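J.: Take a look at this one; I'll ask things after.
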């Protein structure tokens with residue numbers, strides 16, 4: 001029986017998830033919306049944007065790739081009547097000026113411009129933004145196209161941030177496209193005709209954020225591509241991404257590099273885009289990256305339209321990157337895009353839960369037992385004390401029993417992968433049977449020793465921990481820690 005349990009557990013060793021912070025614990029001034037495509041009806045992401053537009057007291061500046069949701073179009077029209085037509089400005093993509101809701105807005109007398117107004121061809125690049133600034137104070141952005149399909153059928157998200165400095169940065173981008181700071185459009189600028197004129201780093205209600213606009217006619221001081229690559233390099237434990245279009249080979253190569261260094265990398269991509277000629281999906285699979293297509297998940301929406309990645313969701317240093325930016329060369333070099341990093345664990349965990357739902361088809365269980373592995377430090381030097389502890393938590397109101405497996409993977413530095421099993425730390429399969437009462441916690445000392453002064457550099461090594469029931473089903477999560485001796 002134990003052999004069967006181990007096989008079931010080890011087959012799932014690439015699955016890493018843990019419980020986190022609920023949406024109610026988000027920082028002040030931050031709201032998140034995930035539409036959870038149902039194939040039937042909206043669950044409110046469109047109405048959240050309507051509420052934002054209805055709250056405007058001075059101005060609305062909206063840049064949306066496609067405008068097709070009538071309820072949002074009507075909210076923009078109502079805002080124009082309430083605030084004055086010169087104070088409601090709208091930018092869209094030339095290819096979608098024909099949508100009925102967009103034409104409804106124009107027929108009402110509002111100005112709408114697209115990327116062709118500065119002389120560029122609409123077929124060579126796209127105004128791909130999905131953001132809205134209200135009263136120079138609140139910013140809405142994310143993957144959400146304001147269409148019926150974007151609202152109901154495609155998996156999308158949006159983030160709303162009440163932060164004047166960030167709103168001002170987005171207004172600089174909008175005003176360059178519009179060609180004026182208010183009123184009718186002026187000398188508009190799109191794509192590489194724009195300048196980089198905003199800082200990248202802001203503090204919004206004590207939360208660090210970064211914003212990048214693409215493309216511009218200069219790259220000072222960083223591009224969105226640079227920022228994403230840098231964040232991948234800084235990752236300590238995990239990268240989880242949900243991406244509609246992923247063709248940027250350098251970003252894919254960085255994921256493979258980080259995976260080979262011991263980082264957990266998981267991804268889910270849209271099937272239609274993932275099977276495209278230039279998609280990196282096959283490259284990632286060929287390099288053992290744990291990535292799937294959304295059509296392999298039940299249930300799923302029509303398109304997986306997200307553009308986000310979560311870094312180190314299980315750490316206090318967690319962050320998420322979101323915005324309109326697909327991981328493509330076109331997003332960096334041609335299309336008008338925005339890329340937003342939010343450095344906050346509670347927000348990152350909400351995005352991780354959405355990733356989990358995209359990847360597994362369900363949310364992380366709020367009542368499942370949890371294992372958390374911790375090291376006394378992340379890099380160990382000769383002569384220092386190496387300590388690894390585990391904390392088991394049963395948040396359920398009923399007792400639970402399981403087999404706990406802790407495995408040390410000493411990696412390829414010793415030739416073929418070799419594994420040792422706690423509590424005996426032998427090369428043979430071993431586990432510990434545990435019964436936990438309701439709402440209980442157990443703290444364990446998994447491993448402790450003093451690294452000898454003459455120890456050569458070794459690593460990376462990884463300790464995995466997980467729990468399975470008597471029939472081999474995974475309970476709660478699998479956790480891991482990666483380290484090396486230098």
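Read-outs throughout are calculated quantities, based only on the coordinates presented, and are distinct from any laboratory measurement. Keep in mind that this is a model prediction, so the values were computed, not measured. When we count neighbours, we look across all protein chains shown, and the Cβ atoms used for this are built from the backbone with ideal geometry, even at glycine.
J.: So what is the calculated 222 nm ellipticity per residue for the chain, using -39500 (n - 2.57) for each DSSP H run with n of 4 or more, over all residues, to the nearest 500 deg cm²/dmol?
T.: Taken over the chain, the calculation gives -6500 deg cm²/dmol.
J.: Expected output is a single nm value to one decimal: the length gained when fully extending between residue 81 and residue 469, i.e. 0.36 nm times separation in residues minus the C-alpha distance. What is it?
T.: Contour length minus the Cα-Cα distance gives 133.5 nm.
J.: In whole Å, what is the distance between the alpha-carbon centres of region 171-202 and region 43-76?
T.: So the two Cα centres are separated by 21 Å.
J.: For the peptides 258-266, 447-455, 321-329, what is the packing order when you average, over each peptide's residues, the other Cβ atoms within 10 Å and list the highest mean first?
T.: Result, highest mean first: 321-329, 258-266, 447-455.
J.: Of all DSSP beta bridges located in region 23-360, what percent are antiparallel, nearest 5?
T.: 65 percent
J.: Further question: What is the distance in Å between the Cα centres of region 244-309 and region 428-486?
T.: Value for the Cα centre distance between the two parts: 28 Å.
J.: Set the Förster radius R0 to 30 Å, insert the Cβ-Cβ distance between residue 450 and residue 410 as r into 1/(1 + (r/R0)^6), and round the FRET efficiency to 0.05.
T.: 0.95
J.: Go ahead and collect, in residue order, the members of region 164-200 whose backbone nitrogen is under 16 Å from a label point 7 Å along the Cα-Cβ direction of residue 226.
T.: 195-200, by backbone N distance to the label point.
J.: Against the longest principal axis of the chain, how steep is helix 2-11, in degrees 0 to 90 to the nearest 10, with axes from Cα atoms?
T.: With both axes taken from Cα atoms, the answer is about 30 degrees.
J.: If you don't mind, another one. In what sequence, highest mean first, do 418-425, 147-154 appear when ranked by Cβ atoms within 10 angstrom?
T.: Most protected by this proxy first, the peptides run 147-154, 418-425.
J.: Another question, then. Which FRET efficiency value, to the nearest 0.05, is calculated for residue 195 and residue 442 with the Förster distance at 56 angstrom and r the Cβ-Cβ distance?
T.: So the FRET efficiency works out to roughly 0.45.
J.: Considering every Cα-Cα pair within region 23-360, what fraction, in whole percent, is farther apart than 37 Å?
T.: So the portion of pairs separated by more than 37 Å is 11 percent.
J.: While we're here: Using only the alpha-carbon atoms, how far is helix 224-234 inclined from the longest principal axis of the chain? Give it as 0 to 90 degrees, nearest 10.
T.: Once rounded, the angle reads 10 degrees.
J.: Would you mind getting me the FRET efficiency between residue 432 and residue 71? Use the beta-carbon distance for r and R0 = 60 Å, nearest 0.05.
T.: Efficiency computed from Cβ-Cβ geometry: 0.60.
J.: If I model a spin label at residue 458 and residue 103 as a point 7 Å from the Cα along the Cα→Cβ vector, what separation in nanometres do I get?
T.: Placing both labels 7 Å beyond Cα along the Cβ direction yields 7.2 nm.
J.: Moving on. Hey, for a label at residue 363 modelled as a point 7 Å past Cα toward Cβ, could you say which residues of region 456-485 have their backbone N under 20 Å away?
T.: Answer for region 456-485: 475-478.
J.: Enter the angle in degrees (range 0 to 90, nearest 10) between the Cα long axis of helix 45-54 and the first principal axis of the Cα atoms of the chain, meaning the one along which they spread out most.
T.: 50 degrees
J.: Once you have the Cα-Cα distance between residue 51 and residue 95, take 0.36 nm times their residue separation minus that, and quote the gain in nm to one decimal.
T.: Separation in residues times 0.36 nm, less the Cα-Cα distance, equals 13.1 nm.
J.: With an 8 Å cut-off on Cα pairs and a minimum separation of 6 or more residues, tell me the relative contact order of the chain in percent.
T.: 16 percent
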